[in-house]
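The values are calculated or read from the model by the stated rules, or taken from the named source; none is laboratory data. Computed from a prediction, not measured in an experiment: that's the story for all the values here. Cβ atoms come from the backbone with ideal geometry, glycine included; neighbour counts cover every protein chain shown. The accessibility values were calculated without ligands, DNA or RNA, using every heavy atom of the protein model including side chains. Shrake-Rupley method; radii C 1.70, N 1.55, O 1.52, S 1.80 Å.
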Amino acid sequence: MPRFSDLDFTARSSSVPRVEEPKNRERTVDPAALEMLKVAQEHGVYTAYDRAVAQQPQCQFGYKGICCRICIQGPCRIKADDGPASRGMCGADANTIVARNLVRFIAGGTSSHSDHGRHIARTLLHLADGEAPDYKIADPAKLQAVAKRIGITTEGKTDIEIAKEVAIEALDDYGRYGDQTCTFLTTTITKGRQDKFKATNVGPVAIDRSVVQLLAQTAMGVDSDPVNIIFGGLKASLADYTGMHIATDISDILFGTPKPLVSEANLGVLEEDKINIAVHGHNPLVSEMVVSAAHKLESEAIAAGAKGINIVGLCCTGHELLMRKGVYIATNQSSQELAIMTGVLDSMVLDIQCMMPSVTTAAECFHTRIITTNEIAKFPGAIHYPFDETTAMEDAMAIVRLSIDNFKNRDLNKIHIPQHKNKVVAGFSLEAMLDLFAAINPDRPISVLTDAILSGEIKGVCLLAGCNNLKQFQDKSHLTIMKELAANDVLMVATGCSAGAAAKAGLMAPDAVDKYAGPGLKAFTKRVEAANKLTTGGLPLVFHMGACVDNTRAADLVTAMANELGVDVPKVPFVASAPEATHEKSISIGTWAVTMGLPVHVGTMPPLEGSDLVYGVATQIAHDVFGGHFILEMDSEVAAKKLINALEYRSWKLGVHRDAAEKYATSLAQGY
Ligand code: BF8
Ligand code: SF4
């Protein structure tokens, strides 16, 4: 059972409003976004912030997960505790309906990440076959490391030969016929997790199959056992992990493994005298090529009257570029439309995921060209330029030229760039983190972190992940939790829009350590900083680990910590938080993180309150089986305390078990 040392806390959320100030459209704490909301109003353009208000009050059947519409006898709603209205027409009860709805989110999230991963893996295969000449193996060392990890011999083989085998092994994880659990899962987790997943039958053998099976399992008239349905969801969530790991590994191979670097974040990074291109979405295959094409076409931009080309990132494809190239982050998910209203965005280049359909509407009042590039993501009103990896540079140059050509269409009366931006130190892949620690202990770098936890210098590690959610004020929960954890000596890594929130607010700048870190965290950070010759001006308060798809970097970190400590993941003082979870992807990530053995805070209520059984499984029973559980808490200050409680509990227990092991000369107890 999860335990809170503060006995006022329970598995239920505090009673804060589920939608903060539902009539207030100024739903953000980002000063640049607040400024641009006024500009939007002046131009009469509705944004996500207005639509969030217009959607209130939201349907409570849907909110609690007790609306079923998976067959067309429905929608059926659970309207009573007993009698005929307590079940849908087919007889499904609240527990079944909530469980089915929830795991179908996981199927969606897994599909998103893994289809992205497949695209990257196929590109590596095309590269190996000589069909994607514009891509290259940017990090041969990572290629070697991944190959070795997944059991491919590398001696006597060229990089291209190894790349082909890695790509085929990755693609095998999507559609294997046999019974072997996915390679990119089993080779990246602890022995304890391998055994646990085998014992509970949640290890996927093929990513695609786990999603298809889950949809089949949850179709009308198939599985009505909510617990069995949840286990199907767990299998799909581990398939999500697998697809994400493939995406990160192969993106590093193709584009380089991130290293510490300096950049800036927030709308103030837009430059009036340059061609501004925002790359938006998730898949670096397009955005990396756009960056390269922009370098080649600088002279054309100058000929068009601009001082050059300024690429900025939106959402996770921006984080991919920030991590590897130092490209600026313009903003995170909720405020994407506002970038258009600066009047200086000459194009917005979209690939997949988290892109608002309304960007084309916003662009109608401004000159921005919206350019879609993926066959599964077309927007009415946008220019569709089909991007093909086999002709990548040619396509990217055409896209950049569409942007240069649009510079002349700017309306000088509509220009408004908010002067808000902050320094960002990013680029913390796991490899980069271990390099930092190796300056103190070259033999066992990870022990620098685990020793700091064992000595009590820091309380543990928290992964901050996930989205913006306009039920709350944009970024507010992220920043509240980060500041509270920092003051309590918790080391933080962040991804996706959470990293975006930290970056915009200056929490990824070195001076944030002096401002917000507690004494232990400050001492730890400064010690690591002093041991390294950094060119970044210091280490940040929150370490940027990448895009959402890179959450597996954090999983690899906790796996390394577990192996170093000689325990399984559920014993490691490591927690995760998605303060503003939104996308289906955040549900699948949260679920695999719980299955891996982590306490996972979610700050926006997923639709499961309609079933006490499903709620109890997520927040309590999961802990008994896997050692991880959800902390569903809408009050971000309480959430921070609950996360700290979870870390303290784990550190205390780890200490007790270590003392006992020392005293009785046994290995550490593995129970949690
Ligand atoms: O994958 S954090 S809103 S942008 S889903 Fe989307 Fe959520 Fe942002 Fe990136 Ni992740
Ligand atoms: Fe209604 Fe059952 Fe159909 Fe769901 S599956 S919509 S509960 S009849």
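Residue-wise test of (1) small (Gly, Ala, Ser); (2) within 16 Å of ligand 1 (Cβ to nearest atom); (3) in the same structural domain as residue 547 (by TED's automatic domain parsing).
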residue	(1), (2), (3)
434	no, no, yes
445	no, no, yes
461	no, no, yes
475	no, yes, yes
479	no, yes, yes
482	no, yes, yes
486	yes, no, yes
Can you tell me which condition residue 588 does not meet? The list is (1) assigned to a helix (DSSP H, G or I); (2) among the polar types (S, T, N, Q); (3) open to solvent by 10 Å² or more (accessible area, probe 1.4 Å), and all the others hold.
(3)
Leading residue by the ranking (farthest from ligand 2 (Cβ to nearest atom)) among those in the stretch 56-71 that are loosely packed, with under 14 Cβ neighbours inside 10 Å and farther than 12 Å from residue 605 by Cβ:
56
Test result for residue 326, at pLDDT 95 or above and open to solvent by 10 Å² or more (accessible area, probe 1.4 Å):
yes
Residues that are open to solvent by 40 Å² or more (accessible area, probe 1.4 Å) and either out of contact with any Cys (no Cβ under 7 Å at 6 or more places or on another chain) or within 13 Å of residue 220 (Cβ to Cβ) (or both), drawn from the stretch 72-84:
72, 73, 75, 79, 81, 82, 83, 84
The stretch 644-665: number of residues that are crowded, with 20+ Cβ neighbours inside 10 Å and among the β-branched types (Val, Ile, Thr):
1
Contact list, first residue from the stretch 533-551 and closer than 23 Å to residue 481 by Cα, second anywhere and within 16 Å of ligand 2 (Cβ to nearest atom) and open to solvent by 10 Å² or more (accessible area, probe 1.4 Å), beta-carbon distance below 9 Å, six or more apart or interchain, is none
Using the structure shown, decide if residue 558 is in contact with a strand residue (DSSP E or B) (Cβ under 6 Å, 6 or more places away or on another chain), within 21 Å of residue 431 (Cβ to Cβ) and either in contact (Cβ under 8 Å) with a residue 40 or more places away in the chain or open to solvent by 10 Å² or more (accessible area, probe 1.4 Å) (or both).
yes
Cross-chain or 6+ apart pairs with Cβ under 8 Å, the stretch 72-93 first and on the phi < 0 side of the Ramachandran plot, then open to solvent by 100 Å² or more (accessible area, probe 1.4 Å) and among the aliphatic types (A, V, I, L, M)
73/89; 74/89; 76/89
Collect the residues in the stretch 401-446 that are farther than 20 Å from residue 319 by Cα and of a type in the set (A, V, I, L, M), keeping them in residue-number order.
402, 404, 412, 415, 417, 434, 436, 438, 439, 440, 446
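With the structure loaded, tell me whether residue 48 is closer than 25 Å to residue 632 by Cβ, within 16 Å of ligand 1 (Cβ to nearest atom) and either assigned by TED's automatic domain parsing to the domain that holds residue 360 or crowded, with 19+ Cβ neighbours inside 10 Å (or both) or whether it fails that test.
Values: closer than 25 Å to residue 632 by Cβ: yes; within 16 Å of ligand 1 (Cβ to nearest atom): yes; either assigned by TED's automatic domain parsing to the domain that holds residue 360 or crowded, with 19+ Cβ neighbours inside 10 Å (or both): yes.
The answer is yes for residue 48.
From the list 314, 350, 321, pick out the single residue that is surrounded by 24 or more Cβ atoms within 10 Å (Cβ to Cβ) and within 11 Å of ligand 1 (Cβ to nearest atom). Reasoning before the result, please.
On the way: 350 fails: within 11 Å of ligand 1 (Cβ to nearest atom); 321 fails: within 11 Å of ligand 1 (Cβ to nearest atom).
Selected residue: 314, the only one of 314, 350, 321 that is surrounded by 24 or more Cβ atoms within 10 Å (Cβ to Cβ) and within 11 Å of ligand 1 (Cβ to nearest atom).
Can you name the residue in the stretch 436-447 that is out of contact with any helix residue (DSSP H, G or I) (no Cβ under 6 Å at 6 or more places or on another chain) and surrounded by fewer than 16 Cβ atoms within 10 Å (Cβ to Cβ) and, of all such residues, is nearest to residue 567 (Cα to Cα)? Before you say what the answer is, go through the steps one by one.
Keep residues of the stretch 436-447 that are out of contact with any helix residue (DSSP H, G or I) (no Cβ under 6 Å at 6 or more places or on another chain), which gives 438, 442-444.
Next, only the ones that are surrounded by fewer than 16 Cβ atoms within 10 Å (Cβ to Cβ) stay: 442-444.
Details: 442: 22, 443: 20, 444: 16 Å.
Looking at residues that are out of contact with any helix residue (DSSP H, G or I) (no Cβ under 6 Å at 6 or more places or on another chain) and surrounded by fewer than 16 Cβ atoms within 10 Å (Cβ to Cβ), I get 444.
Out of all the residues in the stretch 226-235, is one or more under 25 Å from residue 616 (Cβ atoms), of a type in the set (D, E, K, R) and within 16 Å of ligand 2 (Cβ to nearest atom)? Walk me through how you get there before you give the answer.
As a first pass, look at the stretch 226-235 and keep what is under 25 Å from residue 616 (Cβ atoms): 226-235.
If we keep only those that are of a type in the set (D, E, K, R) too, we end up with 235.
Right, trim to within 16 Å of ligand 2 (Cβ to nearest atom) and you get none.
Within the stretch 226-235, none of the residues are under 25 Å from residue 616 (Cβ atoms), of a type in the set (D, E, K, R) and within 16 Å of ligand 2 (Cβ to nearest atom).
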For the stretch 410-424, check the following and say yes or no: at least one residue is farther than 30 Å from residue 506 by Cβ, touching a strand residue (DSSP E or B) at 6+ places or on another chain (Cβ under 8 Å), modelled with pLDDT of 95 or more and open to solvent by less than 10 Å² (accessible area, probe 1.4 Å).
no
Taking the stretch 177-201, which residues are open to solvent by 30 Å² or more (accessible area, probe 1.4 Å) and closer than 18 Å to residue 117 by Cα?
181, 186, 187
Could you list all residues from the stretch 34-45 that are loosely packed, with under 15 Cβ neighbours inside 10 Å and more than 17 Å from residue 361 (Cβ to Cβ)?
38
What pairs come out if I take residues in the stretch 383-399 that are without any contact (Cβ under 8 Å) to a residue 40 or more places away in the chain and open to solvent by 20 Å² or more (accessible area, probe 1.4 Å) and pair them with residues that are of a type in the set (A, V, I, L, M) and outside any helix (DSSP H, G or I) whose C-beta lies under 6 Å away, six or more apart or interchain?
383/371; 385/371
I'd like the residue in the stretch 1-33 that is among the hydroxyl-bearing types (Ser, Thr, Tyr) and assigned to a loop (DSSP other than H, G, I, E, B) and, out of all such residues, is most open to solvent (accessible area, probe 1.4 Å).
15
For the stretch 505-548, which positions are within 26 Å of residue 468 (Cβ to Cβ) and β-branched (Val, Ile, Thr)?
513, 542
Got a number for residues in the stretch 52-66 being closer than 30 Å to residue 335 by Cα and either touching a residue at least 12 places away in the same chain (Cβ under 8 Å) or touching a helix residue (DSSP H, G or I) at 6+ places or on another chain (Cβ under 9 Å) (or both)?
10
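Tell me the strands (runs of 3 or more DSSP E) entirely within the stretch 290-378 that contain at least 1 residues that are touching a residue at least 40 places away in the same chain (Cβ under 8 Å).
Numbers: elements: 309-314, 328-331, 345-350, 369-372.
In the stretch 290-378, 309-314, 328-331, 345-350 are the strands (runs of 3 or more DSSP E) which contain 1 or more residues that are touching a residue at least 40 places away in the same chain (Cβ under 8 Å).
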Mind checking which residues of the stretch 618-643 are in contact with a strand residue (DSSP E or B) (Cβ under 7 Å, 6 or more places away or on another chain), assigned to a helix (DSSP H, G or I) and open to solvent by less than 40 Å² (accessible area, probe 1.4 Å)?
618, 619, 622, 623, 639, 642, 643
Failed criterion for residue 257 (all others in (1) closer than 26 Å to residue 181 by Cα; (2) part of a loop (DSSP other than H, G, I, E, B) hold):
(1)
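Name the one entry in 339, 304 that is small (Gly, Ala, Ser) and either closer than 29 Å to residue 42 by Cα or within 16 Å of ligand 1 (Cβ to nearest atom) (or both).
Numbers: 304 fails: either closer than 29 Å to residue 42 by Cα or within 16 Å of ligand 1 (Cβ to nearest atom) (or both).
After applying the criteria, what remains is 339.
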Is one or more of the residues making up the stretch 596-610 out of contact with any Gly (no Cβ under 7 Å at 6 or more places or on another chain) and in a helix (DSSP H, G or I)?
no
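Filter the stretch 92-120 for residues that are open to solvent by 30 Å² or more (accessible area, probe 1.4 Å), under 11 Å from residue 236 (Cα atoms) and away from ligand 1 (no atom under 16 Å from the Cβ) and give the result. Quick ask: steps written out before the conclusion?
We begin by selecting, within the stretch 92-120, every residue open to solvent by 30 Å² or more (accessible area, probe 1.4 Å); these are 93, 95, 101, 104-105, 111, 115, 118-119.
In the following step, the residues that additionally are under 11 Å from residue 236 (Cα atoms) were identified as 104-105, 111.
104, the sole residue that qualifies.
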